Amino acid sequence: MNFQKNTSLDKVLNALFVPYKKSVTDVEKISKAMIDTHMISNEDEIVNDHIAFRTLGVPNLGISSFEKIFLHYGYTKMDSYYFPGKKLDAYWYAPPSPEYPRIFISELRVQDLSTKAQRIISEYTNAINTDPIDTIDLDDTKAVGDFFYQPLWKLPTLAHFQQLSEESEYAAWVIYNRYYLNHYTISVHDLPSPYNSLEVFNEFLEGLGVVLNTSGGKIKTSNDGLLRQSSSVAEMVEATFSHNEIMKISGSYVEFAERSILPEFVSLDKNEIQREHRREGFEAANADKIFESTYLEQTSKK
């Protein structure tokens, strides 16, 4: 999916999406197959349900810093979520208009980690004495786009990455990847029948050789049954650590969401259904398992 209106927000989102698409080969593979099967005529018809980012909860970083970008471009902060097992907090953000994706930003509760893990993270982040977002002209879309790929801290050592992985694979992912786009999400419910069902779309994906995250089952379902999600397993990318040590680690992945029509709107004609008639927001239990798309238990299947 590309953002075509050439507004400031389009430019910022394209700055995120274009490098992500190049590094996550499943994106091109899926888009091409969707066109080949006449599901869509071009990838711009794919509706992007949401994009997600991971952050570290330390002074001058984390959600309170990173959200400034999207609030500036018209996003509205919505519900909060807590993931006790993974020691994470998160919020989702509603877009300024329906053609744009929702935003999901999570943050590692660094203070809840072991002293050893906190010390490693501090070694990389304690030199950040001011909020880096405050140094950017948020009206300058190129500066904002460049920021997503700036090394806010020094390159980690492989030893530190591995030590963090033992306690929090999320922490290890962020210490290396920083604010890189974690995933984007195809809105399955907006596809033509029969592909607007997650069961059918998952079969289509597996037929392409896309490996799906099986944590909590291939389909993760909200308590109300109205939000169903699945995801690919993260791409393994060759990472260069300090001292030129190299190891393959998990990069980013693709998610797939099916939002059902809310009960009060089920009598509407199909052509009347709009975004506001479908289940909104997120589900902590679903997201908890989606996070594991970058975890070794899943990526070892690739």
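Key figures
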read-out	value
Cα Rg over Rh - the range 1-151, Kirkwood	1.01
Inter-centroid distance (Cα atoms) of the range 170-190 relative to the range 44-82, Å	11 Å
When each of 29/301; 116/301; 68/116; 21/301; 77/302 is checked by Cα-Cα distance, pairs over 26 Å	116/301; 68/116; 77/302
HN-Hα J in Hz across the range 137-146 - Karplus 6.51, -1.76, 1.60, θ = phi - 60°, x for Gly and Pro	7, 5, 7, 8, 5, 5, 4, 5, x, 5
Residue 195 accessible area, assembled protein chains, probe 1.4 Å, Å²	60 Å²
Loop trypsin sites (Lys or Arg not before Pro), the range 135-179 (other Cβ atoms within 10 Å of the site Cβ: 13 or fewer; DSSP)	154
³J(HN,Hα) computed for each position of the range 181-190 - Karplus, 6.51 cos²θ - 1.76 cosθ + 1.60, integer Hz, glycine/proline x	4, 6, 6, 10, 9, 7, 7, 5, 5, 8
For the chain: relative contact order, % (alpha-carbon pairs under 8 angstrom, 6 or more apart)	19 percent
Rounded to whole Hz, the Karplus (6.51, -1.76, 1.60) HN-Hα couplings of the range 191-208, x for glycine and proline	8, x, 4, x, 6, 7, 9, 5, 4, 5, 5, 5, 4, 4, 5, 5, x, 8
Cβ charges +1 (Lys, Arg) and -1 (Asp, Glu), total dipole of the range 16-79, debye	340 debye
Other-chain or far-sequence residues with amide H under 5 Å of residue 185's (modelled H)	49, 50, 255
For peptides 291-302, 269-280, sequence by mean Cβ density within 10 Å, most packed first	291-302, 269-280
The range 1-134: relative contact order as a whole-number percent, Cα under 8 Å and 6+ apart	23 percent
For the range 105-209: relative contact order, % (alpha-carbon pairs under 8 angstrom, 6 or more apart)	21 percent
Long-range HN-HN contacts of residue 278 with modeled amide H, under 5 Å	262
Å³ per residue enclosed by the Cα convex hull of the chain	129 Å³
Accessible solvent surface per residue of the range 157-244, calculated while the other protein chains remain in place, 1.4 angstrom probe, Å²	37 Å²
Added length on full extension, which subtracts the Cα-Cα distance from 0.36 nm per residue, residue 128 to residue 271	46.4 nm
Overall dimensions of the range 1-80 as given by Cα atoms, namely Rg and Dmax in Å	15.4, 49
P(r) tail fraction, the range 174-230 - alpha-carbon pairs more than 14 Å apart, %	65 percent
The range 1-153 - percent of accessible surface contributed by carbon and sulfur, probe 1.4 Å	51 percent
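The values are calculated or read from the model by the stated rules, or taken from the named source; none is laboratory data. What you are looking at is a predicted structure, and each value in this text was computed from that prediction instead of being measured. Heads up, the Cβs are rebuilt from the backbone with ideal geometry, glycines too, and the neighbour counts pull from every protein chain shown. When the accessible area is computed, the model is the full protein with side chains, heavy atoms only, and any ligands, DNA or RNA have been set aside. Shrake-Rupley method; radii C 1.70, N 1.55, O 1.52, S 1.80 Å.
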